[in-house]
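Student: Dropping a structure here in C-alpha cells format, bear with me for questions.
Readers should treat all values here as calculations from the given coordinates under stated rules, not as data from a laboratory. Please read all numbers here as calculations on a predicted model, not as lab measurements. A quick note on method: Cβ atoms are made from the backbone with ideal geometry, for glycine too, and the neighbour counts reach across all protein chains shown.
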Amino acid sequence: MATSAKSTWRGYVTNTSVTDNPRPSALEHFADLSRRLAGHRPVVCLDFDGTLAEIAPKPELAHMTGAMRSALEQVARRWRTAIVSGRSLEDVRRLAAIENLVHAGNHGLEIEGPPGSGISYRLGAEYRDAVRRAATELREALSDIDGLLVEDKGYSLSVHYRLVDPARFARTEAAVDAIAARFPELEKRDGKMVFELRPRIDWDKGRALMWLLESLEGDAGDVLPLYIGDDVTDEDAFAAIADRGIGILVSGRPQNTAASYQLRDPGEVCRFLERLANVGGA
C-alpha cells in the first residue's frame, strides 16, 4: 500500500486563479475540451452527491438516474474513472456499483479499486474511536432538534441539517463546535448543509486525487486528470490539478472556484459524460 504520491503529482499550485466569475460551460466549450484531451489518456474523477445525483433531503434517498448510470458506465469502460465522495466507502460502492470504477470514500481516507487492480488505501483508522464517541455525544446534545441527522461514517462523521428549522442552525453549529473542542484530534469542516468532523491530518480530496493519479498512471506524461464536483470540498481537487488537468464545477450560479469550467446541474453532467465517452484520445 502506497502512502504518498511522487512529487510530480503531489504539489498544489500556488497561483491558482480562484474567482467568483462565471466559468465557461463545459458543454458549450466541449470542442475546446476535446482538443485538449486529444493525445492524452484522461483520468476521470467525480463527486457523487450534487454531481452524479441530485442532492436529496436525506442521504439515503440520493440515487443516480438510469441515464446517468449508463453514461458513467460508458466512461468507465473507456477511461480510468473514480468516484471521490464524502460518503463512506461502503455507501459510495453501493450507490455506484459499476464495473471498473475506483471508489474513494470519506474524502479519500478509504480508497478501493476494482478486484485485481491492487488499488487499496486506508488512512486514519486510529481516529475511528474518537469519531464514534463524538457522534454519540452529538446525538445526545442535539436529540431535540427535528430533522437533524448525525451520520457516523467510520473515518469521519457528518451532521446533516438540511431539514432543520433555520432558527436552530446556530444551536446546531454551536454544539458541533463544542464537541470539536472536546476532540482536538478531529477538525470541523463545512459542506452543503452539513458540518463534518474529520481526522486532523493532512489529507483531503486533492491529496486523495494525487494518490489516485500516481496509483493509476504513475508519472505518465500523457495522462490528463479531469475532476467534476459541486461542493466546497471539491475545491481541494480543483486546485491540485489546476496546472495539469481540467476542473469542472457543478453549480447553477457563479462562486469562488479553482475550476476552469462549469456545468449547471447533474443533468448537464450526464450530457457531458455521454459526449466524453465518445471523444477521441490516445
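Student: In a Gaussian network model over the chain where Cα atoms closer than 10 Å are linked, find which of TYR127, TYR155, TYR227 has the largest mean-square fluctuation.
Tutor: Evaluated over the chain, the most mobile residue of the options is TYR127.
Student: Ok, one more. When Lys and Arg each count +1 and Asp and Glu each count -1, what net charge do the other residues less than 13 Å away from GLU28, Cβ to Cβ, add up to?
Tutor: +2
Student: Grab the Cα-Cα distance for ARG94 and ASP129, subtract it from 0.36 nm times how many residues apart they are, and report the gain in nm with one decimal.
Tutor: Roughly 10.2 nm would be gained on extension.
Student: Report, in degrees rounded to the nearest 10, the 0 to 90 angle that the Cα long axis of helix 266-276 makes with the longest principal axis of the chain.
Tutor: 30 degrees
Student: How large is the Kirkwood hydrodynamic radius of segment 81-147, counting all unique pairs of alpha carbons, in Å?
Tutor: Evaluated over segment 81-147, this radius sits at 13.5 Å.
Student: Taking K and R as +1 and D and E as -1, what net charge do the other residues with C-beta under 9 Å from the C-beta of LEU149 add up to?
Tutor: +1
Student: If you put +1 on each Lys and Arg Cβ and -1 on each Asp and Glu Cβ, how big is the dipole of segment 125-199 around its Cα centre, in Debye rounded to 20?
Tutor: That gives segment 125-199 a dipole magnitude of about 140 debye.
Student: Taking the Cα centre of the chain as the origin and placing charges on Cβ (Lys, Arg +1; Asp, Glu -1), which of ALA170, ASN100, PHE195 is farthest toward the positive end of the dipole?
Tutor: Of the candidates, ASN100 comes out farthest on the positive side.
Student: Cut-off 10 angstrom, C-alpha nodes, Gaussian network model of the chain. Which of LEU33, LEU157, LEU89 fluctuates the most?
Tutor: Result: LEU33 has the largest fluctuation of those listed.
Student: Under a crude label model (7 Å from the Cα following the beta-carbon direction), how far is ARG36 from ASN278 in nanometres?
Tutor: It is 2.2 nm.
Student: State, to one decimal in nm², a quarter of the convex hull surface area for the C-alpha atoms of segment 125-199, i.e. the direction-averaged projected area.
Tutor: Mean orientational projected area (segment 125-199, Cα hull): 4.2 nm².
Student: Please compute the alpha carbon radius of gyration of the chain, then divide it by the globular-protein estimate 2.2 N^0.38 Å. Two decimals is fine.
Tutor: The chain yields a ratio of 0.98.
Student: With the cut-off at 29 Å, report for segment 124-282 the share of all Cα pairs above it, as a whole percent.
Tutor: On the way: 4115 of 12561 pairs.
Tail fraction, whole percent: 33.
Student: Between ARG244 and GLU185, what FRET efficiency follows from the Cβ-Cβ distance if R0 is 41 Å, with the result rounded to 0.05?
Tutor: On the way: r = 33 Å, r/R0 = 0.81.
Using R0 = 41 Å, I get an efficiency of 0.80.
Student: Indicate, rounded to the nearest 5 percent, the antiparallel portion of the DSSP beta bridges found entirely in the chain.
Tutor: 50 percent
Student: For the Cα atoms of the chain, what angle does the longest principal axis make with the long axis of helix 169-182, in degrees from 0 to 90, nearest 10?
Tutor: Rounded to the nearest ten degrees, it is 90.
Student: Could you work out the local net charge near ALA130, counting Lys and Arg as +1, Asp and Glu as -1, over the other residues with Cβ closer than 12 Å to its Cβ? Display every interim value, and only then the final one.
Tutor: Numbers: positive: ARG128, ARG132, ARG133, ARG182, ARG198, ARG200; negative: GLU126, ASP129, GLU137, ASP152, GLU185, GLU187.
In short, 0.
Student: Rounded to the nearest Å, what's the spacing between the alpha carbon centres of segment 86-137 and segment 162-220? Just the number, please.
Tutor: Going from one Cα centre to the other spans 14 Å.
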